[in-house]
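The values are calculated or read from the model by the stated rules, or taken from the named source; none is laboratory data. If you're wondering where the values come from, they're calculated on a predicted model, not measured in any experiment. Every residue, glycine among them, receives a Cβ derived from its backbone with ideal geometry; neighbour counts consider all protein chains shown. Heavy atoms of the whole protein, side chains included, go into the accessibility calculation; ligands, DNA and RNA do not. Shrake-Rupley method; radii C 1.70, N 1.55, O 1.52, S 1.80 Å.
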Amino acid sequence: MGRIEFRYFMGFLDTQEKWINEMAANGWRLVKTSTLFYEFEPCEPGSYEYRVEFVGALSYGKMRDYKDLLSGLGYRVLTKNLNLNMSFGKVRWRPFGRGSGQIVTSPGGYNKEILIIEKKADGESFEVHSNYDDLIAYYQSIRGMYVALLSIVVAFWALRFFASIGSIPYAVLAIAMVLLLIPIVLYSRRISMYKRLGMTNE
Amino acid sequence: MGIRDNIRGGALTETTLLVLLALYRPNHGYGVSQFVVQKTGGRVRLGAGTLYGAIDNLSRKKWIAPLKDEGCTRRKEYVITDVGKQMVEKELRRLNEVMRLAARTVKENENG
């Protein structure tokens with residue numbers, strides 16, 4: 001018998017990864033994901049490991065290349081949305097994308113900001129990012145998303161403050177700014193840690 | 001995922017060098033990964049994201065190039081370009097210099 005769990009992690013990638021790995025450790029293998037649900041099947045406890053990877057800054061073509069490479073390496077890959085779908089029509093602007101990764105069309109990119117990578121547990125290490133430069137680039141891409149979102153909130157605030165446009169209460173804007181600043185600070189600290197380590201080691 | 005492939009002094013990172021070496025023969029991601037593990041005796045294992053970042057970055061710089069699509073397979077194959085080979089040769093000269101310097105310094109201080 002399968003099992004369906006309702007979960008919404010917002011941007012908390014680490015929390016999501018930990019939860020899926022705990023499910024696998026307890027004998028539940030992730031078989032399917034949808035916007036708000038995760039579907040599991042029974043498995044030998046601890047036989048699968050998972051990594052949750054942010055790919056929202058990649059264009060659709062690159063994301064597919066990356067997925068193909070991952071499958072070529074023997075991993076199973078599931079996609080997951082980062083936030084709830086708030087697109088209108090078939091095109092959506094992803095402010096945190098790079099270049100053509102900014103415009104997402106359906107079917108394709110949107111609601112697929114996250115890859116969940118599954119590996120059969122075989123005792124070998126399962127690090128997706130294995131050198132400092134790449135770790136730095138990866139966390140910069142996540143931080144970039146929060147910076148882009150923060151600038152939008154700041155723009156809303158400025159329009160309201162200077163031009164009296166919009167009706168979002170200041171308190172809501174302030175809370176949003178703080179909520180976005182937290183991950184920016186946390187990821188910045190991680191980035192500078194890897195930069196320091198990268199000065200002496202490759 | 002923009003990965004820095006050379007440090008200020010012009011040295012290639014080990015990841016970059018190993019990926020370039022793996023592509024002297026056409027290869028796909030899995031092949032590159034296997035090459036690196038085998039040739040370094042397991043000392044270096046490239047994470048999948050790191051490998052993808054390196055391939056993406058090197059093909060943007062045209063140090064490697066994707067092979068023409070050969071049918072139904074979705075596994076993309078890549079091969080090193082002439083520019084890429086020049087970079088490897090330059091790195092080889094640099095590594096030789098560093099090695100000579102290190103060997104000489106260590107030896108001089110042993111005897112003194």
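With each label modelled as a point 7 angstrom along the Cα→C-beta vector, the A:Tyr8-A:Ser125 pair spans 3.8 nm. A straight chain from A:Lys195 to A:Thr35 at 0.36 nm per residue would run longer than the Cα-Cα distance by 54.1 nm. With a 1.4 Å probe on protein heavy atoms only, tell me which residues of the stretch A:123-162 lose at least 50 Å² of accessible surface in the complex relative to the chain by itself. Listed in order, they are A:Ser130, A:Asp133, A:Asp134. The relative contact order of chain A comes to 18 percent, based on Cα pairs under 8 Å that sit 6 or more residues apart. Here the spin labels are modelled as points 7 Å beyond Cα on the Cα-Cβ line, and at B:Asp82 and B:Ala102 they lie 3.3 nm apart. Please grab the % of Cα pairs in the protein assembly as shown that end up more than 30 Å from each other. Counting every Cα pair in the protein assembly as shown, those more than 30 Å apart make up 43 percent. Taking amide H as placed 1.01 Å from N in the peptide plane, A:Ser130 has its amide H under 5 Å from the amide H of B:Gly47, B:Thr50, each at least 5 places away in sequence or on another chain. Determine the alpha carbon to alpha carbon distance for each of A:Lys195/B:Lys61; A:Lys18/B:Lys76; A:Lys119/B:Lys61; A:Lys18/A:Lys120 and list only those over 28 Å. In this structure, A:Lys18/B:Lys76; A:Lys119/B:Lys61 lie more than 28 Å apart at Cα. A P(r) calculated from all alpha carbon pairs of the stretch B:14-108, with 10 Å bins opening at zero, reads 15, 42, 28, 11, 3, 1 percent.
Relative to the current alpha-carbon distance between A:Glu22 and A:Ile152, full extension at 0.36 nm per residue lengthens the span by 43.3 nm. Within the shell defined by Cβ-Cβ distances under 15 Å, the residues around A:Ile182 carry a net charge of +2, with Lys and Arg each +1 and Asp and Glu each -1. To the nearest µm²/s, what D does Stokes-Einstein give for the stretch A:1-84 at 20 °C and 1.002 mPa s, using the Kirkwood radius over alpha carbon pairs as Rh? So the translational diffusion coefficient is about 157 µm²/s.
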